[in-house]
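This report refers to the structure that appears directly beneath it.
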Amino acid sequence: MKRVISTEKIPVYLWLDDLEDGALLQALDLANLPFAFHHIAIMPDSHLGFGMPIGGVLAARQAVVPNAVGVDIGCGMCSLRTDLRGTGGEDLKKMMGLIRRLVPVGFQHHGEVQPESCMPALPDDSERLTPVSLREFERARRQVGTLGGGNHFIELQQGSDGFVWIMIHSGSRNIGLQVAEHYHRLAVERTTARGDEVPKDLSFFGDDDPLFRAYLAEMRFCIEFALANRRLMMQRVQEAVCEVAGDVGFSGFINKPHNFADTEMHYGEEVLVHRKGATRARLGELGMIPGSQGSPSYIVRGKGNPLSFESCSHGAGRLMSRNAARKKLDLKAEQQKLEKMGVLHAVRGRRDLDEAPSSYKNIRQVMANQQDLVEIVTELKPLAVIKG
């Protein structure tokens, strides 16, 4: 941990020195919430979000804040090790071309509905707790197994263990957005009606409100959908790899969401821990921390540090906003940087500069700042990247 701020109702623990002013103010708002528990933890990749900084961890007593989970509920990463000792050249290009044909990206969906077996089971809605998930279920069958946009990616990576790895970052697509917006709107109404003086973007449900249980039920379904989404994409990527490389073995699937809330025990109390752009890192638990398409990613093992509510960063974190990156960064310089590394990259035009390496923080510094949270197991260098 780098520093502690003790000026608010509860302390704020920070694992970085360079938190931007807007994100810092958001962290202080969290520390003054009436239900915030013990302290607020801010991870080393943190930056400005909506209501709560990305890379923030909030433990709450008897309350849930939809916006402290975020609009892409269940967004996270998965990884898988192949038994390939390396790949490159034409084989790598062929693999990426096949993946692009098998996995829709951006706003694209599948032309046909995917088998219901690819979807998580619909929740038991005998108590009418999941109206949004039920409404969106059939549309989601065209979205399962699709990447989405923004910072979502599919990468082939060369591991320090000698093997080629696959890593995917994606979330719950439109169903997660619909759930998030529906319950945030209701939370604002409820919070206003109660007269609770909290920032609008941190509106909440108390556990005596039926919408508390309803949001958690819908959130859990979205988390399951996000996992199903990543699993199906991983299956399609495996198919592409095998079509080019032949009989390839795969092992060690890891899945880690980083936008979720879960009931956990901390400091002797049961609390609802909200992680928005933060990953759980219990003692011995494996996870992933990606860099950018021009820097390493890492397979890590958690140290279970109670000061972070057993959490760590979910990536490198943005150094500049998307608009700032498109305005300030030099396209040719970013492309040359990636080409010098030998990466089949996704910076093809100015509109892609928001995902250029220079728009992100230095991943090695981020890792150095959280040595007390995780240990590095495997370093993964990017070979080829598909961005949403």
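Structure above, values below:
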quantity	calculated
Segment 267-296: number of residues that are surrounded by fewer than 22 Cβ atoms within 10 Å (Cβ to Cβ), touching a Gly at 6+ places or on another chain (Cβ under 9 Å) and under 20 Å from Ile223 (Cβ atoms)	3
Those strands (runs of 3 or more DSSP E) lying entirely in segment 5-65 with at least 2 residues touching a strand residue (DSSP E or B) at 6+ places or on another chain (Cβ under 7 Å), farther than 19 Å from Asp201 by Cα and in contact (Cβ under 8 Å) with a residue 12 or more places away in the chain	12-14, 36-47
Hits in segment 117-137 - residues which are in a loop (DSSP other than H, G, I, E, B) and not basic (Lys, Arg)	Met119, Pro120, Ala121, Leu122, Pro123, Asp124, Asp125, Ser126, Glu127, Leu129, Thr130
Counted residues, segment 246-299 - those being over 20 Å from the mean Cα position of the chain (by Cα) and touching a residue at least 60 places away in the same chain (Cβ under 8 Å)	8
Selection count, segment 200-248, where residues are over 23 Å from Thr146 (Cα atoms) and small (Gly, Ala, Ser)	6
Single unsatisfied condition, Glu90 versus (1) farther than 24 Å from Val273 by Cα; (2) charged (D, E, K, R); (3) touching a residue at least 24 places away in the same chain (Cβ under 8 Å)	(3)
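Okay, residues lined up against (1) over 28 Å from Glu90 (Cα atoms); (2) in contact (Cβ under 8 Å) with a residue 60 or more places away in the chain:
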residue: Thr192; (1), (2): yes, no
residue: Val198; (1), (2): yes, yes
residue: Leu202; (1), (2): yes, yes
residue: Phe205; (1), (2): yes, yes
residue: Tyr215; (1), (2): yes, yes
residue: Phe225; (1), (2): yes, yes
residue: Asn229; (1), (2): yes, yes
residue: Met233; (1), (2): no, yes
residue: Ala240; (1), (2): no, yes
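Rule-based calculations on the coordinates, nothing more; no lab input. Keep in mind that this is a model prediction, so the values were computed, not measured. Cβ: placed from backbone, ideal geometry, glycine included. Neighbour counts: every protein chain shown.
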